[in-house]
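Engineer: Below is the structure I would like to discuss, written out as structure tokens.
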Amino acid sequence: MEFKDYYETLGIKRDASQDQVKQAYRRLARKFHPDVNKSAGAEAKFKDIGEAYEVLKDPEKRAAYDKFGANWKEGQEFKPPPNWDAGFEFSGGFTGADQQGFSDFFEELFGRGRFGAAGRRTSSFRMQGENQHAKIVIRLEDAYLGSTQTITLTRATVDESGHVRTQPHTLHVTIPKGITAGQHIRLEGQGSPGIGGGPNGDLYLEIAFADHPLFHAEGRDIHSVVALTPWEAALGATVTVPTLGGNVEMKIPAGTQGGKVLRLKGRGLSTASKRGDHYVTIRIIVPEAKTEEQKKLYREMARIMPVNPRTS
Amino acid sequence: MRKEVIYLTGTLLDEELECSLADICRYCNISAALVQEMIDEGLLCPRGHDPKEWRFSALELRRIQVTLRLQRDLRVNLPGCALVLDLLEELEDLRRRRGR
């Protein structure tokens, strides 16, 4: 188990006041909230911040945590000494934070029924389990054709004695053809287990696309860039263009300018009823004139085809 | 013997989604009163005139879910959520255009 430096996570000193703890948490929570911050590490960071705050905001937990001293470093191999929590009175429960996905470190020290955690869940009333949300990142190719994916999510469960444990939850899911980023798949009954025999909640999977070296999606449409030589653009040509469905031959009309966008109909993220297209933006590559002969050719072009591109 | 893997097929909530007030309450596990508050705040704009005719889109479903997370995690109130959602959508739009 790795040691977690909760003070470092919140960027505060060990002698910070409870108000400073709260302020640091609120500032960082706003900054790294996964709905607001779209960078890759934001979600993990947000969970770390929440975990740190869960401990430091509670004077009892904080005092127990402080007993480990200041010599531990983030990530260091850690084993709590026996009876580390002896002599502390713990009255507080959790105050609304979503504990799902907290670290092993947290779970070992504060999670397993200590501090009144999850005690409320052992009561006998019956209710539907919570709906769960998760974002999954898929490849554009998988959305184009439709596919099946095996995904593993972390889920918090409560055992017979009321202890919270996190468990991997593996699902095999069908990804429908033509799904786009931001759409959801609703899996009925795959959310949190119901309480007291109540029905399970639902699981919502939000789709996001992994970066692709050639393509990016805007809604149903796929965009890519194709490079042409000046003579291909000027004289017209048929070029091979990669699309999600494989290479296609595209006709370039004579006199095509750089920046022009050509459409390949129906080659985007299409479903049975909705069509997505593939848009190809033309880029013209200017060959370097290295040899004397090549330079001469450019000068010849300048003489035969005088043009001023800066006058419209 | 190889174990047969069963793939779950969910309901796709895409742009064709049209759900009623009852559906949206069930999907999001929220009360009709909260949906009404979100409509009053301009956070949701269902099609249709009265609650029986209301039809919500997938975009609205997403707005509700982000709102619930912002309320829970950051204690943002409804007018604040409406503002955040508008700004986030504008930001996404700008990022998309820049990505071209």
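The values are calculated or read from the model by the stated rules, or taken from the named source; none is laboratory data. Note that the structure is a prediction, hence the values are computed from the model and not measured. Neighbour counts are summed over all protein chains in view; Cβ atoms, including those assigned to glycine, are modelled from backbone coordinates with ideal geometry.
Engineer: Is it true that residue B:59 is under 21 Å from residue A:34 (Cα atoms), more than 12 Å from the chain's Cα centre (by Cα) and within 10 Å of chain A (Cβ to nearest Cβ)?
Structural biologist: No; evaluated as a whole, the condition is false for this residue.
Engineer: Okay, moving on. Residues A:162, A:129: which one is assigned to a loop (DSSP other than H, G, I, E, B) and at pLDDT below 70?
Structural biologist: Only one candidate qualifies: A:162.
Engineer: Right, another one. For the stretch A:194-225, which residues satisfy the criterion of being within 20 Å of the chain's Cα centre (by Cα) and of a type in the set (Gly, Ala, Ser)?
Structural biologist: Answer for the stretch A:194-225, where residues must be within 20 Å of the chain's Cα centre (by Cα) and of a type in the set (Gly, Ala, Ser): A:208, A:210, A:217, A:219.
Engineer: Could you list all residues from the stretch B:1-55 that are at the interface with another protein chain (Cβ under 10 Å from one of its Cβ atoms), in a helix (DSSP H, G or I) and out of contact with any Asp or Glu (no Cβ under 9 Å at 6 or more places or on another chain)?
Structural biologist: B:28
Engineer: Can you tell me which residue within the stretch A:199-220, out of those that are assigned to a loop (DSSP other than H, G, I, E, B) and at the interface with chain B (Cβ under 8 Å from one of its Cβ atoms), is surrounded by the fewest Cβ atoms within 10 Å (Cβ to Cβ)?
Structural biologist: Looking at the filtered set, the residue picked out is A:201.
Engineer: Going through the stretch A:182-198 one residue at a time, which ones are small (Gly, Ala, Ser) and more than 10 Å from chain B (Cβ to nearest Cβ)?
Structural biologist: Those that are small (Gly, Ala, Ser) and more than 10 Å from chain B (Cβ to nearest Cβ): A:192, A:194, A:196, A:197, A:198.
Engineer: Follow-up. Taking into account only those residues within the stretch A:35-59 that are part of a loop (DSSP other than H, G, I, E, B) and more than 17 Å from the chain's Cα centre (by Cα), which is surrounded by the fewest Cβ atoms within 10 Å (Cβ to Cβ)?
Structural biologist: The extreme case among them is A:57.
Engineer: Let me ask something else about it. Is there any pair linking a residue in the stretch B:65-78 that is more than 9 Å from chain A (Cβ to nearest Cβ) and outside any helix (DSSP H, G or I) to one that is surrounded by 17 or more Cβ atoms within 10 Å (Cβ to Cβ) and among the small types (Gly, Ala, Ser), with Cβ under 9 Å and at least six apart or on different chains, and which?
Structural biologist: Note: no pairs meet the criteria.
Engineer: Still on this structure: Among the residues of the stretch A:82-90, is there at least one that is modelled with pLDDT under 90, aliphatic (A, V, I, L, M) and touching a helix residue (DSSP H, G or I) at 6+ places or on another chain (Cβ under 7 Å)?
Structural biologist: no
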